[in-house]
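Working notes for the structure below.
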Amino acid sequence: MTSPDALVRVATARGVTTLTLDSPHNRNALSTPLMTELLAGLAAAVADDTVRVIVLDHTGPVFCSGADLKETAAAYASGTVPAGMLGDVLAAVWECPKPVLAKVAGPARA
């Protein structure tokens, strides 16, 4: 069950796991918390033998605005770059042993 304050909602039905990016206030920007939840959702779907396909969906008018630039700008002072985690997300999708489909009904940037 997905918590009400989750940035990625997870639903599984009839062999399909849908991972919904749910951070419309920042256009579903890829923040560290969102990417962490997305990676966990992908891993759980891969580990579930009843799941045959994974669908990436979104709330709001924008599928994803790319890296969370506010988080990245704030992190420069500490010398970390949160967007570095983006490679992990892309690898998880690319290397996923199950088909991953994106239901894009709005802009997708970066």
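The values are calculated or read from the model by the stated rules, or taken from the named source; none is laboratory data. Fair warning: this is a prediction, and the values are worked out from it, not measured in the lab. Surface areas here come from the heavy atoms of the whole protein model, side chains and all, with no ligands, DNA or RNA. Shrake-Rupley method; radii C 1.70, N 1.55, O 1.52, S 1.80 Å.
Residues in segment 4-21 carry Karplus couplings, in order, of x, 9, 5, 8, 10, 8, 10, 9, 10, 8, 6, x, 10, 9, 10, 9, 9, 5 Hz; the curve used is 6.51 cos²θ - 1.76 cosθ + 1.60 with θ = phi - 60°, and Gly or Pro positions show x. Report, by chain and number, residues whose modeled amide H sits under 5 Å from the one on Cys96, excluding near sequence neighbours (fewer than 5 apart, same chain). For Cys96, no residues qualify. Taken over segment 1-49, the percentage of Cα pairs per 10 Å bin, counting from 0 up to the bin with the maximum distance, is 27, 54, 18, 1. The tail of the calculated P(r) for the chain beyond 20 Å holds 38 percent of all Cα-Cα pairs. Around the amide H of Leu30, modelled in the peptide plane, lie the amide H atoms of Ser65, Gly66, Ala67, Asp68, all under 5 Å away and 5 or more residues distant in sequence or on another chain. Per residue of the chain, the DSSP helices (runs of n ≥ 4 H) give a summed -39500 (n - 2.57) that works out to -8500 deg cm²/dmol at 222 nm. Each residue of segment 89-104 was assigned a 3J(HN,Hα) from its phi angle through the Karplus expression (A = 6.51, B = -1.76, C = 1.60, θ = phi - 60°), giving 5, 4, 5, 4, 6, 4, 8, 4, x, 10, x, 10, 10, 10, 9, 8 Hz with x at Gly and Pro. Ignoring ligands, DNA and RNA, what percent of the 1.4 Å accessible area of the chain is carbon and sulfur? Ligands and nucleic acids excluded, carbon and sulfur give 62 percent.
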